[in-house]
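The structure appears below as structure tokens.
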Amino acid sequence: MTLVPVYRQRPSPLHNARASAAASFCCAFALIGGLYAHPLVLGAALAGVLLAAGAAGVGREIGRSLRLALPLAVLIALVNPIVYQGGDTLLVRGGVVLGRRVDVTLEALVSGVLAGLRVVVLVVALGLLSAAVDPDKLLRVFRRVSYRSALTASLATRLVPVLARDASRMSDAARCRSTPPGRLAVARAALSGALERAVDVAAALEVRGYANAGRTGAARRRWSRHDVRVALAALLVAAAAIAARALGVGEVEAYPRLELSLGPAEVALAALLVGAAALPFVGRAARLGVAHG
Amino acid sequence: MAEPLVVAERFSYRYPEAERLALRELTLSIEPGSFTVLAGASGSGKSTLIRALCGLVPHFHGGRVSGELAVGGLDVRHHGPAELAALCGTVFQDPETQVVMGGVRAELELPLEQRGQSPASVARAVEEVALALGVAHLLDRRTETLSGGELQRLAIAAALAHRPALLLLDEPTSQLDPVAGDELIWMLRRLNEEWGTAVVVAEHRLERCLPAADRIVAMENGALACDAPPRGFLQWAAGAGGDLATPVARMFSLAGLGPPPASVKEARGALREAGLAPSAVEAAPGGRRRGAGALVLKRLWYEVEEGPAVLRGVDLSLRPGERVALMGRNGAGKSTLLRLAKGLIDPTRGRVECDGEVALLLQNPGDYLIHERAVEEAGAVALGAAGLGGREDTNPRDLSGGERERLALEVALAGGPHSVVLLDEPTRGMDPVRKRALARRIEELADDGAAVMVATHDTAFAADFADRVVLMGRGDVIGDGGPAEVLGGGWHFSTEVARALDGAALTAEQGAALLTRALAGEPLR
């Protein structure tokens with residue numbers, strides 16, 4: 001079982017949308033994590049991603065991403081009040097450690113929690129990207145720009161699990177020896193094995209004409225209703241996030257006293273995020289296998 | 001007559017820093033639409049010839065060439081793999097390193113896109129090749145979810161997507177189970193017949209390929225040793241020591257019968273004509289095995305998370321000195337059973353009882369070789385036992401496949417004596433000479449008192465070394481008895497000789513002795 005979701009083709013509007021649109025959809029929610037520290041906005045973005053993941057049939061995979069992100073978020077939330085002494089509301093008066101006074105303030109604690117929440121939104125949004133966007137199709141988009149770099153990325157995506165399996169096998173073989181070798185020796189051998197594999201892959205690419213490869217032409221594929229809805233949702237989220245940020249919506253001041261704006265603009269932005277997340281999945285047009293214009 | 005697709009004229013090649021020539025003075029031609037099998041022991045030059053035909057030799061590997069080798073009129077000395085790729089598709093042994101994309105469809109599209117084909121023609125070619133090679137149902141699958149057979153089929157489809165005139169395959173069945181291997185060879189024959197694609201395949205399991213081949217090119221020490229149709233090749237092999245002969249051809253040769261048959265069907269026909277048709281034999285059931293177990297598996301269950309049960313209450317006991325072949329299709333649970341017996345994984349339920357140490361050789365011998373010098377792997381004595389005396393300072397990764405296999409076995413056996421020795425698929429990609437040597441090594445271990453169990457798909461090898469065969473279904477033991485009992489009357493789990501003689505004998509030697517007695521007037525039973 002891996003904590004990083006792996007793409008599988010599924011019958012969902014998100015999986016069936018073109019890679020560029022689906023990736024934009026996921027990245028738009030990741031953008032919220034990058035731009036905002038407001039708990040309502042972050043909560044709405046998280047809810048939106050979880051809603052989309054559930055509707056796309058990858059709820060369990062995103063649950064695993066959440067398991068990866070939560071310990072990280074908790075760590076940030078705990079470390080921040082220890083290393084940052086700002087804030088007027090003292091919660092715990094600590095002692096002196098290494099000549100430095102350690103007090104815990106409410107502001108630093110809340111600031112840590114919000115930073116952790118931002119990480120959760122980022123990880124979960126990128127987890128949705130990993131689970132719902134075909135990496136081959138996504139890399140094809142980039143191949144038009146830089147063929148060799150994109151192919152290298154494809155190879156890495158494909159070969160990392162293969163090399164991980166190789167290393168696991170070598171570790172088992174080491175356990176079969178009468179005197180098991182050190183981890184360093186096994187790691188070095190695994191690296192040598194990876195280089196051997198790299199040579200084999202290079203040979204395979206050579207005989208497929210890689211040396212003559214050039215940029216690929218763009219396939220003119222018509223926009224499907226899923227492409228349109230997913231892209232529209234991505235555009236809505238990204239545009240609203242940027243515009244609202246520019247207008248000062250969702251401001252949070254953690255120090256010296258915690259201040260956060262909570263008005264109709266924040267509520268509207270949160271509602272828009274959840275609504276946009278649901279957009280690709282609602283209505284008759286979201287059904288698969290049913291023709292709609 | 002059409003121009004030959006491949007023309008070699010006194011072509012020789014030496015790898016960089018190698019002492020001897022890998023190919024020497026090769027002169028041959030390959031016609032369009034022909035099906036050619038390259039035969040020969042390991043290290044005879046088959047793979048190097050394949051690599052020369054696709055341009056990797058000398059452009060990728062370096063080294064020195066002399067003479068001429070042209071593919072489709074392009075001289076390989078001046079035209080590299082990228083140019084030759086338009087004429088030939090190439091498939092190597094390990095499908096894991098040939099499949100480079102994450103999705104099946106993307107894998108088929110890649111070589112076409114690299115040739116700058118338009119999206120429309122790419123889409124059509126993918127559809128056509130997927131249907132032709134029976135991988136259309138896999139198009140939306142991720143490559144990491146495919147089995148070895150499916151991956152190899154995909155690699156062939158990717159090599160053929162641009163419809164090359166020549167398909168080159170280097171031991172494509174060595175990583176596959178017998179069913180997938182047979183399917184692959186017959187798929188190649190169909191491609192050859194229906195599309196007119198010339199096929200050149202290097203293969204050890206000749207009994208699998210001979211019925212499909214038009215011609216066999218046998219190599220020895222980099223030179224051409226025989227170039228003939230299957231029957232002519234078998235006659236040559238019978239005279240040249242029989243190492244390359246198929247089991248039934250070897251049986252005919254040992255019994256003094258001729259001409260050597262190229263298939264089981266031919267063998268049965270020849271025996272009928274000679275009045276030697278065997279009657280079906282009911283194998284006597286093996287006696288119940290008694291005695292203290294060197295290894296006892298009690299109601300062993302193994303279940304994976306979110307998956308099916310791999311083992312379902314297996315009971316098995318091995319006595320000291322017993323030689324057991326563990327057989328069954330892929331996914332039957334053979335490897336899991338061996339790993340449980342060694343203690344690499346814990347059973348979900350049940351017990352493993354072992355009287356002494358257990359040695360286990362896993363499938364990939366390279367996994368055991370982790371040091372810079374061969375002598376550091378297992379010591380000088382073990383190196384000698386592996387037949388590698390004098391190679392103490394060689395880097396294990398520079399050893400040949402067979403040498404690695406022998407060294408890995410000695411690494412696994414180091415620290416002995418072991419009361420139980422377990423080998424997982426040790427004969428993959430092995431030539432017959434090396435298989436016989438391994439069978440003798442197993443006999444030595446058993447004579448020293450070890451219970452030896454070998455997971456294998458190779459029925460001929462099992463018949464050669466085993467005194468007991470355990471057959472597994474989906475996690476269960478579905479057959480357990482003497483080799484004659486389990487392999488004599490089977491359909492799939494049966495040797496070529498057994499099929500030709502209706503189970504009256506399993507190996508070429510046993511069959512030849514039987515036929516010799518029959519020729520002397522005794523009944524063929």
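FYI, it's all coordinate maths here, none of it is from the lab. These numbers come from a predicted model, not from an experiment. Here the Cβ positions follow ideal geometry from the backbone for every residue, glycine too, while neighbour counts run over all protein chains shown.
Can you tell me the length gained on complete extension of the stretch A:ALA243 to A:ALA47, counting 0.36 nm per residue apart and subtracting the Cα distance? Each step should come with its number before you reach the end.
Details: separation 196, 0.36 × 196 = 70.56 nm, distance 2.08 nm.
Extending this stretch completely gives an extra 68.5 nm.
Hey, any idea what Rg/Rh is for chain A, computing Rh the Kirkwood way over Cα pairs?
Expressed as Rg/Rh, it is 1.07.
For region A:146-211, state the semi-axes of the equivalent ellipsoid (square roots of 5 times the eigenvalues of the alpha-carbon gyration tensor), sorted largest first and rounded to whole angstrom. Each step should come with its number before you reach the end.
On the way: eigenvalues 180, 25, 15 Å².
Square roots of five times the eigenvalues give 30, 11, 9 Å.
For A:ASP172 and A:ARG67, FRET efficiency with R0 = 22 Å and r from the beta-carbon atoms, rounded to 0.05?
0.25
Show me the three semi-axes of the equivalent ellipsoid for region A:35-96, from the C-alpha gyration tensor (sqrt of 5 times each eigenvalue), largest first, rounded to whole Å.
33, 15, 7
Please list log₁₀ I(q)/I(0) at q = 0.09, 0.10 Å⁻¹ for region B:309-429, using the Debye equation with identical point scatterers on the alpha-carbon positions.
Each listed q maps to, in turn, -0.29, -0.35.
Round to the nearest 0.05 the FRET efficiency obtained for B:VAL381 and A:THR179 when R0 = 22 Å and r is the Cβ-Cβ distance.
E(calc), rounded to 0.05, equals 0.90.
With a Förster radius of 35 Å, plug the Cβ-Cβ distance of A:GLU251 and B:GLU144 into 1/(1 + (r/R0)^6) and report the FRET value to the nearest 0.05.
0.15
Let me know the mean shielding of A:178-189 by other chains, meaning the per-residue number of their Cβ atoms within 10 Å of its Cβ.
Going residue by residue through A:178-189 and averaging, the value is 3.
Suppose the chain between B:ARG10 and B:ILE345 were pulled fully straight at 0.36 nm per residue; how much longer would it get relative to their current alpha carbon spacing?
115.2 nm
Which aspartates and glutamates have a Cα less than 19 Å from the Cα of A:LYS137, not counting those fewer than 8 places away in the same chain?
Leaving aside aspartates and glutamates fewer than 8 places away in the same chain, those within reach of A:LYS137 are A:ASP227, B:GLU107, B:GLU109, B:GLU113, B:GLU127, B:ASP140, B:GLU144.
Neighbour counts of other C-beta atoms within 10 Å: give me B:VAL135, A:VAL186 arranged from fewest to most.
A:VAL186, B:VAL135
Modelled label-to-label distance, A:SER224 and A:ALA194, 7 Å Cα→beta-carbon offset: nm?
3.6 nm
Would you mind ranking A:CYS176, B:CYS88 so that the residue whose beta carbon has the fewest other beta carbons within 10 Å leads the list?
With the fewest neighbours first, A:CYS176, B:CYS88 line up as A:CYS176, B:CYS88.
Taking just the alpha carbons, could you work out the radius of gyration and Dmax for region B:66-178, both in angstroms?
14.6, 46
Can you pull the percent of Cα pairs in region B:133-279 with separation above 21 Å?
Details: 5549 of 10731 pairs.
Result: 52 percent of Cα pairs exceed 21 Å.
When ranked by the protection proxy of mean other Cβ atoms within 10 Å per residue, highest first, what sequence do the peptides A:193-202, A:14-23 form?
For the peptides A:193-202, A:14-23, the packing ranking is A:14-23, A:193-202.
So who's got an amide H within less than 5 Å of the one on B:ASP227, skipping anything under 5 residues away but keeping other chains? H placed 1.01 Å off N, in plane.
Under 5 Å from the amide H of B:ASP227: B:ALA218.
Below 12 angstrom from the Cβ of B:LEU191, what's the summed charge of the other residues (Lys, Arg +1; Asp, Glu -1)?
Cβ neighbours under 12 Å give a net charge of +2.
Can you tell me which lysines have their Cα less than 24 Å from the Cα of B:LYS298? Leave out same-chain residues fewer than eight positions away.
Filter leaves B:LYS334, B:LYS342.
How many Cβ atoms of partner chains, on average, are near each residue of B:74-84 if near means within 10 Å of its Cβ? Don't jump to the answer; show the numbers that get you there.
Numbers: counts 0, 0, 0, 0, 0, 0, 5, 9, 9, 3, 3.
Mean partner-chain Cβ count within 10 Å for B:74-84: 3.
How big is the gap, in Å, between the Cα center of region A:17-86 and the Cα center of region B:487-501?
Taking the Cα centre of region B:487-501 as reference, the centre of region A:17-86 is 61 Å away.
Cα convex hull of region A:96-139: mean projected area in nm², to one decimal?
Numbers: hull surface 20.5 nm².
That works out to 5.1 nm², a quarter of the Cα hull's surface.
Which residue, B:ALA70, B:LEU254, B:GLY390, has the largest displacement toward the positive end of the dipole of chain B when charges sit on each Cβ (Lys, Arg +1; Asp, Glu -1)?
Going by the Cα projections, it comes out as B:LEU254.
Just subtract the alpha-carbon distance of B:GLU392 and B:ALA274 from 0.36 nm times their residue separation and send over the number in nm, one decimal.
37.0 nm
Rounded if a/c is under 1.5, else prolate if a/b beats b/c, else oblate: with a ≥ b ≥ c from the C-alpha gyration tensor eigenvalues square-rooted, which is region B:295-509? Show your work: numbers first, answer last.
On the way: a/c = 1.83, a/b = 1.25, b/c = 1.46.
Oblate.
Hey, got the Cα dimensions of the protein assembly as shown along the principal axes, in Å, largest first?
106, 69, 54
Taking the simple approach of a point 7 Å from Cα along Cα-to-Cβ for both B:ALA228 and A:ALA271, what is their distance in nm?
Between B:ALA228 and A:ALA271, the simple spin-label model gives 8.9 nm.
Within 10 Å of each Cβ in B:60-66, how many Cβ atoms from other chains are there, averaged over the peptide?
That average works out to 1.
Roughly how far apart, in whole Å, are the Cα centres of region B:372-430 and region A:137-179?
So the separation of the two Cα centres works out to 28 Å.
Under a plain spin-label model, where a point goes 7 Å from the Cα along Cα-to-Cβ, how far apart in nm are B:GLU31 and A:VAL79?
7.3 nm
By its C-alpha gyration tensor, with a ≥ b ≥ c as the square roots of the eigenvalues, how is region A:175-278 shaped: rounded for a/c under 1.5, else prolate for a/b larger than b/c, else oblate?
Oblate, because a/c is 1.5 or more while a/b does not exceed b/c.
Could you give P(r) for chain B, binned at 10 Å from zero, as whole percent values over all Cα-Cα pairs?
For chain B, the binned pair fractions read 4, 17, 26, 27, 19, 7, 1, 0 percent.
Counting other beta carbons within 10 Å of each residue's own, what order do B:THR348, B:THR394, B:THR90, A:THR105 fall into, fewest first?
B:THR348, B:THR394, A:THR105, B:THR90
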